[in-house]
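Written below as structure tokens is the structure these notes are about.
The values are calculated or read from the model by the stated rules, or taken from the named source; none is laboratory data. All values reported here derive from a predicted model rather than from experimental measurement. Cβ placement follows ideal geometry from the backbone for every residue including glycine, while neighbour counts extend to all protein chains displayed.
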Amino acid sequence: MLAMTNKFKVLGLIAASVAATVLVTSCKDKRSTGWEYAPNMYRHIAYDPDQKNNNFADGKTAQVPPKGTIPVGFTRFNYPNTRGGYDSASVTATSPLPTTKKSFEEGKVLYEHFCSPCHGMTGQGDGLVVAHGYPAPPSYSKGQSSRGGAMKDLTDGKIYHTITYGVNAMGSYASQLSPVERWKVVAYVHHLQTL
């Protein structure tokens, strides 16, 4: 009986030792060596955008970019949103894109997504918004521009200026279409002017 009790004590001691070992070793992250290769990647010293920053007079970390800066990949359109800017763009602004089948097809897709709800699929001013009671925009091939002249005679610069700034009930599409995409739409609108 004494031998049996000793066996249970030994087995209990072994089981407790194994359990304690498993518990202690499982709490340690086996992937971590305890060393950090680049601690500034984990605990950065840079300010968060919404954090107070005493380095600036207004105390804000997120600052407005300096005047005249241009975002990477942005193309400046140096014509103001005025009648003079529109007339100037009409004479001097031309598409920088080569006339290719690919850019024409991409312009068609962009036109169908962004322009056809108002201007219609064929540019006749018969888009879906007209069915909902909104005034119809002029036809590209038959209509007259609100700024004078026939719509079929609109130049690259006039169309691009209108897409960029909007006119009358049409708002600006500068935030929806990049400058390159706008030129592709201009190319497709020229096609619609001939229909």
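Among the residues of the range 120-155, write down those that are surrounded by 13 or more Cβ atoms within 10 Å (Cβ to Cβ), part of a helix (DSSP H, G or I) and without any contact (Cβ under 8 Å) to a residue 24 or more places away in the chain.
V129, V130, listed by residue number.
With the condition kept exactly as written, say whether any residue in the range 93-100 is assigned to a helix (DSSP H, G or I) and under 29 Å from I159 (Cβ atoms).
Within the range 93-100 (the criterion being assigned to a helix (DSSP H, G or I) and under 29 Å from I159 (Cβ atoms)), the answer is no, since none of the residues qualifies.
Looking only at the range 56-90, filter to residues that are over 23 Å from V180 (Cα atoms) and under 20 Å from the mean Cα position of the chain (by Cα); which one of those is surrounded by the most Cβ atoms within 10 Å (Cβ to Cβ)?
Looking at the filtered set, the residue picked out is A62.
Considering only the range 28-55, state which residues are modelled with pLDDT of 75 or more, of a type in the set (D, E, K, R) and surrounded by 10 or more Cβ atoms within 10 Å (Cβ to Cβ).
Within the range 28-55, D48, K52 qualify.
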